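Only one structure is covered here, and it is reproduced in the block below.
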Amino acid sequence: MLTDRTRLHIALQKSGRLSDASRELLRDAGFRIQSGKNSLTARVENFPAELMFVRDDDIPTFVSDGACEFGIVGQNVLEEFALSQAEAGYQMLAELGFGRCSLKIAAPEAIAYVGPQSLAGQRIATSYPHILRRFLMQNGVDATLVTMNGAVELAPRLQIASFICDLVSTGATLEANGLRPLDTVLDSQAVLIRTRRPMDKARANIAAGLIIRIEGVLATKESKYIMLNASSEALKRITDLLPGAEAPTILPLHGRPGHFAVHAVCQESVFWETLEKLKAAGASAILVVPIEKMML
Ligand code: PRP
Ligand code: ZN
(Lines give C-alpha, C1' and ligand atoms only; values in the text may rest on other atoms or scores of the structure.)
(Ligands and ions follow the chains in the order given, each with its own letter.)
Protein backbone atom coordinates (compact mmCIF):
# COMPACT_ATOMS: atom_id res chain seq x y z
CA MET A 1 0.00 0.00 0.00
CA LEU A 2 1.45 3.34 -1.05
CA THR A 3 0.74 5.94 1.55
CA ASP A 4 1.40 9.56 0.82
CA ARG A 5 4.59 9.44 2.83
CA THR A 6 5.91 6.69 0.58
CA ARG A 7 5.78 9.03 -2.38
CA LEU A 8 8.97 10.74 -3.35
CA HIS A 9 8.93 14.49 -3.52
CA ILE A 10 10.83 16.11 -6.36
CA ALA A 11 11.50 19.84 -6.20
CA LEU A 12 11.46 21.66 -9.54
CA GLN A 13 11.70 25.32 -10.48
CA LYS A 14 8.19 26.78 -10.63
CA SER A 15 8.86 29.15 -13.50
CA GLY A 16 12.10 30.11 -15.12
CA ARG A 17 14.90 28.85 -17.30
CA LEU A 18 14.81 25.28 -15.96
CA SER A 19 11.06 24.66 -15.64
CA ASP A 20 10.17 23.33 -19.08
CA ALA A 21 13.31 21.26 -19.59
CA SER A 22 12.98 19.74 -16.09
CA ARG A 23 9.44 18.54 -16.81
CA GLU A 24 10.52 17.31 -20.22
CA LEU A 25 13.33 15.25 -18.70
CA LEU A 26 10.85 13.57 -16.34
CA ARG A 27 8.43 12.97 -19.22
CA ASP A 28 11.24 11.43 -21.29
CA ALA A 29 11.94 9.16 -18.32
CA GLY A 30 8.38 7.88 -18.71
CA PHE A 31 6.75 9.74 -15.83
CA ARG A 32 3.22 10.86 -16.65
CA ILE A 33 2.75 14.21 -14.96
CA GLN A 34 -0.80 15.24 -14.09
CA SER A 35 -1.09 18.71 -15.52
CA GLY A 36 -2.62 21.69 -13.86
CA LYS A 37 -0.59 24.60 -15.08
CA ASN A 38 -0.93 26.85 -12.08
CA SER A 39 -0.86 24.40 -9.22
CA LEU A 40 2.16 24.17 -6.97
CA THR A 41 2.23 20.39 -6.96
CA ALA A 42 1.57 17.64 -9.50
CA ARG A 43 1.30 13.90 -9.03
CA VAL A 44 3.06 11.47 -11.26
CA GLU A 45 0.29 9.09 -12.42
CA ASN A 46 2.40 6.02 -13.04
CA PHE A 47 5.09 6.33 -10.37
CA PRO A 48 4.93 7.06 -6.64
CA ALA A 49 6.25 10.60 -6.85
CA GLU A 50 4.93 14.10 -6.50
CA LEU A 51 6.43 17.23 -8.02
CA MET A 52 6.73 20.38 -5.94
CA PHE A 53 7.06 23.61 -7.91
CA VAL A 54 9.09 26.08 -5.89
CA ARG A 55 11.50 28.98 -6.32
CA ASP A 56 14.85 27.71 -7.55
CA ASP A 57 16.65 29.38 -4.62
CA ASP A 58 14.62 27.22 -2.21
CA ILE A 59 15.43 23.88 -3.86
CA PRO A 60 18.80 23.21 -2.14
CA THR A 61 17.23 23.95 1.27
CA PHE A 62 14.22 21.67 0.71
CA VAL A 63 16.41 18.81 -0.46
CA SER A 64 18.95 19.27 2.34
CA ASP A 65 16.18 19.32 4.95
CA GLY A 66 14.68 16.18 3.46
CA ALA A 67 11.36 17.91 2.68
CA CYS A 68 12.00 16.78 -0.90
CA GLU A 69 14.09 13.71 -1.65
CA PHE A 70 15.17 14.99 -5.07
CA GLY A 71 15.57 18.29 -6.82
CA ILE A 72 16.59 19.73 -10.18
CA VAL A 73 18.45 22.99 -9.82
CA GLY A 74 21.14 25.11 -11.47
CA GLN A 75 24.74 24.72 -10.30
CA ASN A 76 24.79 28.49 -9.74
CA VAL A 77 22.04 28.30 -7.11
CA LEU A 78 23.47 25.12 -5.63
CA GLU A 79 26.99 26.50 -5.30
CA GLU A 80 25.79 29.71 -3.68
CA PHE A 81 23.84 27.63 -1.16
CA ALA A 82 26.74 25.23 -0.51
CA LEU A 83 29.14 28.10 0.24
CA SER A 84 26.68 29.49 2.80
CA GLN A 85 26.46 26.16 4.67
CA ALA A 86 28.89 24.40 6.97
CA GLU A 87 27.96 21.02 5.53
CA ALA A 88 26.12 19.96 2.39
CA GLY A 89 22.86 18.13 3.10
CA TYR A 90 22.51 17.03 -0.49
CA GLN A 91 24.38 14.89 -2.96
CA MET A 92 24.87 15.80 -6.62
CA LEU A 93 23.86 12.87 -8.82
CA ALA A 94 24.14 14.01 -12.43
CA GLU A 95 24.69 16.95 -14.73
CA LEU A 96 21.61 17.19 -16.92
CA GLY A 97 22.95 19.03 -19.97
CA PHE A 98 20.35 21.83 -20.06
CA GLY A 99 19.97 25.25 -18.47
CA ARG A 100 23.50 26.20 -19.43
CA CYS A 101 24.48 29.72 -18.39
CA SER A 102 27.38 31.55 -16.75
CA LEU A 103 27.81 33.84 -13.83
CA LYS A 104 29.65 36.82 -15.29
CA ILE A 105 31.18 40.10 -14.29
CA ALA A 106 29.72 42.89 -16.45
CA ALA A 107 29.79 46.66 -16.60
CA PRO A 108 28.73 49.60 -18.80
CA GLU A 109 30.78 50.01 -22.00
CA ALA A 110 32.69 53.01 -20.67
CA ILE A 111 34.19 51.13 -17.71
CA ALA A 112 37.71 49.82 -18.28
CA TYR A 113 38.53 46.20 -17.48
CA VAL A 114 41.83 44.40 -17.94
CA GLY A 115 41.24 41.55 -15.48
CA PRO A 116 39.99 40.88 -11.94
CA GLN A 117 42.46 43.49 -10.59
CA SER A 118 40.25 46.15 -12.22
CA LEU A 119 37.63 45.27 -9.60
CA ALA A 120 39.85 46.37 -6.68
CA GLY A 121 38.09 48.92 -4.49
CA GLN A 122 34.99 48.91 -6.74
CA ARG A 123 31.37 48.28 -5.85
CA ILE A 124 29.88 45.12 -7.41
CA ALA A 125 26.16 44.30 -7.30
CA THR A 126 25.16 40.63 -7.21
CA SER A 127 22.68 38.00 -6.03
CA TYR A 128 25.59 35.58 -5.60
CA PRO A 129 27.68 37.11 -2.79
CA HIS A 130 29.32 33.84 -1.68
CA ILE A 131 30.45 32.79 -5.15
CA LEU A 132 31.62 36.32 -5.97
CA ARG A 133 33.52 36.64 -2.67
CA ARG A 134 35.33 33.37 -3.43
CA PHE A 135 36.22 34.60 -6.94
CA LEU A 136 37.60 37.86 -5.53
CA MET A 137 39.57 36.03 -2.87
CA GLN A 138 41.03 33.59 -5.39
CA ASN A 139 42.18 36.59 -7.40
CA GLY A 140 43.49 38.46 -4.37
CA VAL A 141 41.15 41.38 -4.96
CA ASP A 142 39.27 43.44 -2.38
CA ALA A 143 35.95 44.99 -3.43
CA THR A 144 32.64 46.05 -1.91
CA LEU A 145 29.71 43.74 -2.55
CA VAL A 146 26.18 45.06 -2.90
CA THR A 147 23.74 42.18 -2.49
CA MET A 148 20.49 42.44 -4.45
CA ASN A 149 17.74 39.82 -4.88
CA GLY A 150 16.99 40.65 -8.50
CA ALA A 151 17.19 43.32 -11.21
CA VAL A 152 20.93 43.43 -10.63
CA GLU A 153 21.39 44.81 -14.16
CA LEU A 154 19.89 48.11 -12.97
CA ALA A 155 22.60 48.72 -10.36
CA PRO A 156 25.02 50.68 -12.60
CA ARG A 157 22.25 52.94 -13.89
CA LEU A 158 21.06 53.55 -10.34
CA GLN A 159 24.68 54.25 -9.40
CA ILE A 160 24.51 51.62 -6.70
CA ALA A 161 27.57 49.87 -8.17
CA SER A 162 29.91 50.18 -11.16
CA PHE A 163 30.08 46.46 -11.85
CA ILE A 164 27.60 43.61 -11.60
CA CYS A 165 28.05 39.87 -11.24
CA ASP A 166 24.99 38.11 -12.62
CA LEU A 167 23.76 35.16 -14.62
CA VAL A 168 24.06 35.41 -18.39
CA SER A 169 22.47 32.95 -20.74
CA THR A 170 21.60 34.53 -24.11
CA GLY A 171 23.13 37.87 -23.10
CA ALA A 172 19.94 39.70 -24.05
CA THR A 173 19.40 41.17 -20.58
CA LEU A 174 22.94 42.58 -20.44
CA GLU A 175 22.58 44.10 -23.88
CA ALA A 176 19.20 45.63 -23.11
CA ASN A 177 20.81 47.37 -20.15
CA GLY A 178 23.90 48.61 -21.99
CA LEU A 179 26.26 46.24 -20.17
CA ARG A 180 29.07 44.13 -21.59
CA PRO A 181 30.34 40.83 -20.21
CA LEU A 182 33.93 41.01 -18.91
CA ASP A 183 34.81 37.84 -17.05
CA THR A 184 33.33 34.43 -16.19
CA VAL A 185 33.02 33.55 -12.52
CA LEU A 186 31.17 30.22 -12.86
CA ASP A 187 29.76 28.04 -15.65
CA SER A 188 26.49 26.41 -14.79
CA GLN A 189 23.91 23.87 -15.96
CA ALA A 190 21.03 22.00 -14.37
CA VAL A 191 21.89 19.12 -12.03
CA LEU A 192 19.94 16.40 -10.24
CA ILE A 193 20.43 16.33 -6.48
CA ARG A 194 19.20 14.03 -3.72
CA THR A 195 18.94 14.46 0.01
CA ARG A 196 21.58 13.03 2.32
CA ARG A 197 18.86 12.31 4.89
CA PRO A 198 18.33 8.56 5.22
CA MET A 199 15.24 7.13 3.51
CA ASP A 200 13.27 4.12 4.71
CA LYS A 201 13.55 0.96 2.67
CA ALA A 202 10.39 1.44 0.60
CA ARG A 203 11.41 4.92 -0.45
CA ALA A 204 15.01 4.01 -1.04
CA ASN A 205 13.78 1.41 -3.55
CA ILE A 206 11.56 3.92 -5.32
CA ALA A 207 14.45 6.38 -5.34
CA ALA A 208 16.73 3.80 -6.95
CA GLY A 209 14.12 3.24 -9.67
CA LEU A 210 13.89 6.97 -10.35
CA ILE A 211 17.66 7.32 -10.67
CA ILE A 212 17.89 4.37 -13.10
CA ARG A 213 15.24 5.91 -15.34
CA ILE A 214 16.86 9.34 -15.40
CA GLU A 215 20.29 7.87 -16.06
CA GLY A 216 18.71 5.95 -18.92
CA VAL A 217 17.40 9.16 -20.47
CA LEU A 218 20.75 10.89 -20.09
CA ALA A 219 22.52 7.95 -21.72
CA THR A 220 20.15 7.90 -24.70
CA LYS A 221 20.46 11.68 -25.24
CA GLU A 222 23.98 11.32 -26.62
CA SER A 223 23.77 7.75 -27.83
CA LYS A 224 22.99 6.67 -31.36
CA TYR A 225 22.49 3.31 -33.00
CA ILE A 226 24.72 3.04 -36.03
CA MET A 227 24.44 0.52 -38.86
CA LEU A 228 26.75 0.16 -41.86
CA ASN A 229 28.14 -2.34 -44.32
CA ALA A 230 31.82 -3.16 -44.70
CA SER A 231 34.12 -5.63 -46.37
CA SER A 232 36.15 -7.96 -44.16
CA GLU A 233 39.42 -6.07 -44.87
CA ALA A 234 37.87 -2.77 -43.72
CA LEU A 235 36.21 -4.15 -40.57
CA LYS A 236 39.01 -3.43 -38.11
CA ARG A 237 39.59 0.15 -39.33
CA ILE A 238 35.87 0.85 -39.24
CA THR A 239 35.12 -0.54 -35.80
CA ASP A 240 38.07 1.46 -34.41
CA LEU A 241 36.40 4.63 -35.71
CA LEU A 242 33.04 4.07 -34.01
CA PRO A 243 32.84 6.59 -31.13
CA GLY A 244 32.22 5.03 -27.73
CA ALA A 245 31.02 1.69 -29.11
CA GLU A 246 31.71 -1.48 -27.20
CA ALA A 247 31.51 -4.90 -28.87
CA PRO A 248 29.68 -4.10 -32.12
CA THR A 249 27.49 -6.81 -33.66
CA ILE A 250 28.94 -8.10 -36.94
CA LEU A 251 26.67 -10.11 -39.25
CA PRO A 252 27.47 -11.67 -42.65
CA LEU A 253 25.57 -10.07 -45.54
CA HIS A 254 23.39 -12.51 -47.42
CA GLY A 255 24.58 -13.07 -50.98
CA ARG A 256 27.72 -10.94 -50.60
CA PRO A 257 30.58 -13.11 -49.40
CA GLY A 258 33.28 -11.21 -47.55
CA HIS A 259 30.87 -8.40 -46.65
CA PHE A 260 29.37 -7.69 -43.25
CA ALA A 261 26.77 -5.54 -41.55
CA VAL A 262 28.08 -3.74 -38.46
CA HIS A 263 25.60 -2.63 -35.78
CA ALA A 264 26.72 -0.69 -32.71
CA VAL A 265 25.47 1.59 -29.96
CA CYS A 266 27.67 4.68 -29.91
CA GLN A 267 27.73 6.29 -26.46
CA GLU A 268 29.07 9.55 -27.82
CA SER A 269 27.76 12.02 -30.37
CA VAL A 270 28.13 10.91 -33.97
CA PHE A 271 29.19 13.85 -36.09
CA TRP A 272 29.24 14.24 -39.89
CA GLU A 273 33.05 14.10 -39.75
CA THR A 274 32.80 10.64 -38.18
CA LEU A 275 30.56 9.48 -41.04
CA GLU A 276 32.99 10.88 -43.61
CA LYS A 277 35.87 9.05 -41.94
CA LEU A 278 33.85 5.81 -41.86
CA LYS A 279 33.06 6.17 -45.57
CA ALA A 280 36.71 6.85 -46.37
CA ALA A 281 37.62 3.72 -44.40
CA GLY A 282 35.37 1.67 -46.68
CA ALA A 283 31.96 1.74 -44.99
CA SER A 284 28.80 1.99 -47.09
CA ALA A 285 25.06 2.28 -46.44
CA ILE A 286 25.69 4.11 -43.15
CA LEU A 287 22.59 4.70 -41.02
CA VAL A 288 22.53 6.59 -37.72
CA VAL A 289 19.31 6.32 -35.72
CA PRO A 290 18.28 7.80 -32.36
CA ILE A 291 17.72 5.48 -29.42
CA GLU A 292 14.45 5.91 -27.61
CA LYS A 293 15.03 3.92 -24.46
CA MET A 294 18.02 2.23 -22.88
CA MET A 295 18.58 0.44 -19.60
CA LEU A 296 22.19 -0.06 -18.67
C1 PRP B 1 18.88 35.66 -14.84
C2 PRP B 1 19.63 36.96 -14.67
C3 PRP B 1 19.22 37.77 -15.84
C4 PRP B 1 18.80 36.79 -16.89
C5 PRP B 1 19.84 36.68 -17.96
O6 PRP B 1 17.72 35.61 -14.10
O7 PRP B 1 19.35 37.57 -13.45
O8 PRP B 1 18.14 38.62 -15.51
O9 PRP B 1 18.63 35.53 -16.24
O10 PRP B 1 19.41 35.87 -19.06
P11 PRP B 1 19.77 36.28 -20.56
O12 PRP B 1 21.27 36.37 -20.67
O13 PRP B 1 19.23 35.13 -21.40
O14 PRP B 1 19.11 37.56 -20.87
P15 PRP B 1 16.90 34.22 -13.82
O16 PRP B 1 16.04 33.90 -15.00
O17 PRP B 1 17.84 33.16 -13.39
O18 PRP B 1 15.91 34.61 -12.67
P19 PRP B 1 16.08 34.46 -11.08
O20 PRP B 1 17.49 34.88 -10.76
O21 PRP B 1 15.05 35.38 -10.55
O22 PRP B 1 15.81 33.02 -10.73
ZN1 ZN C 1 16.09 32.41 -8.74
Which of the residues belonging to the range 182-209 are over 18 Å from residue 10 (Cα atoms) and buried (at least 17 other Cβ atoms within 10 Å of the Cβ)? 182, 183, 185, 186, 188
Top-ranked residue of the range 205-230 - restricted to ones that are at pLDDT 95 or above and of a type in the set (Gly, Ala, Ser), ranked as farthest from residue 269 (Cα to Cα): 207
Options 111, 124, 160, 164; residue that is at pLDDT 95 or above, hydrophobic (A, V, I, L, M, F, W, C), within 14 Å of ligand 1 (Cβ to nearest atom) and not assigned by TED's automatic domain parsing to the domain that holds residue 15: 164
Strands (runs of 3 or more DSSP E) wholly inside the range 9-90 containing at least 2 residues that are within 13 Å of ligand 1 (Cβ to nearest atom): 70-74
State the number of residues belonging to the range 149-172 that are within 16 Å of ligand 2 (Cβ to nearest atom) and assigned to a helix (DSSP H, G or I). 2
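Residues checked against (1) within 16 Å of ligand 2 (Cβ to nearest atom); (2) surrounded by fewer than 18 Cβ atoms within 10 Å (Cβ to Cβ); (3) over 18 Å from residue 96 (Cβ atoms):
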residue: 20; (1), (2), (3): yes, yes, no
residue: 24; (1), (2), (3): no, yes, no
residue: 31; (1), (2), (3): no, no, no
residue: 38; (1), (2), (3): no, yes, yes
residue: 49; (1), (2), (3): no, no, no
residue: 56; (1), (2), (3): yes, no, no
residue: 60; (1), (2), (3): yes, no, no
residue: 63; (1), (2), (3): yes, no, no
residue: 68; (1), (2), (3): no, no, no
Among the residues of the range 176-196, is any within 26 Å of the chain's Cα centre (by Cα), near ligand 1 (Cβ under 8 Å from one of its atoms) and in contact (Cβ under 8 Å) with a residue 12 or more places away in the chain? no
List pairs: first residue in the range 41-56 and of a type in the set (Val, Ile, Thr), second residue in a loop (DSSP other than H, G, I, E, B) anywhere in the structure, Cβ distance under 7 angstrom, at least six positions apart or on different chains. 44/31; 44/32; 54/14
Restricted to the range 95-128 and to residues being of a type in the set (D, E, K, R) and out of contact with any Cys (no Cβ under 9 Å at 6 or more places or on another chain), the residue farthest from residue 144 (Cα to Cα) is 95
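The values are calculated or read from the model by the stated rules, or taken from the named source; none is laboratory data. As the structure is a computational prediction, the values presented were derived from the model and not from experiment. Glycine also receives a Cβ, built like all others from the backbone with ideal geometry; neighbour counts cover every protein chain displayed.
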